Amino acid sequence: MTSDADRWYDDAAGPVVRPYAMTRGRTSHAAEARIDLIALVVTEAEAGESGALDDHTLSPEHLDIVERCQFQATSVAELAADLDLPVGVVRVLVGDLLEAEHVHIHQPVPPAELPDESILREVINGLRAL
C-alpha cells in the first residue's frame, strides 16, 4: 500500500504532453518568417464565432490561441507566456491557424519607418496655429 504522501499528482508530474507532440514533430512552419515575437495575432471574426470551433483538426492549444485573440490582439510572446508553451511551439500553432485562415497577423511598424519627431511637432504647431 502507498500512503497519500507517496502518490503522484498531476502538478508533480510536470508537462504530460511534450511540445513536439503538440506540433506533430514540426519545429517550424512555412509562415514562420512572418511570425515575429512582437507580431500581433487577431482572430478572424467568423473563426471566433464558429469557424475554429467547427474545425475538428485543431488541437486544444489551437483553440486556446483563437480564444485568447478573439477580443484583443495578442503578441506571440504574450501567447507563449499565457499558455506556458515554448515560443517555437506557439509559432508553429499560429502558423497552422494562419494557414487555415482562423487568425491574421499584424506586423508592428519598424522604428525606421515611423515619422520623425520633428515632423510631428511641426504638425502639432500647425494645428495649434489654426
Phi-based couplings in Hz for the range 64-72 (Karplus 6.51, -1.76, 1.60; Gly and Pro marked x): 4, 5, 4, 5, 5, 9, 5, 10, 8
Simple label model, 7 Å out from Cα along Cβ direction - Ala73 to Ala112, nm: 2.1
Taking amide H positions as placed in the peptide plane 1.01 Å from N, state which residues far from Ile35 in sequence (5 or more) or on other chains have amide H under 5 Å from it. none
Multiply the residue separation of Ile119 and Leu37 by 0.36 nm, subtract the distance between their alpha-carbon atoms, and state the gained length in nm to one decimal. 26.6 nm
Got a sec to turn the phi values of the range 82-92 into Karplus ³J(HN,Hα) couplings, 6.51 cos²θ - 1.76 cosθ + 1.60 with θ = phi - 60°, whole Hz, x for Gly and Pro? 5, 8, 6, 10, x, 4, x, 5, 5, 4, 5
Give the long-range amide H neighbours of Gln70: residues separated by 5 or more places, or on another chain, with amide H under 5 Å away, using H modelled in the peptide plane at 1.01 Å from N. Thr43
If the chain between Arg128 and Ala81 were fully stretched, how many nm would it gain, using 0.36 nm times the residue separation less the Cα-Cα distance? 12.5 nm
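Read-outs: derived from the displayed coordinates by stated rules, not from any lab. The model shown is predicted, which means the values in this text are computed figures rather than measured ones. A quick note on method: Cβ atoms are made from the backbone with ideal geometry, for glycine too, and the neighbour counts reach across all protein chains shown.
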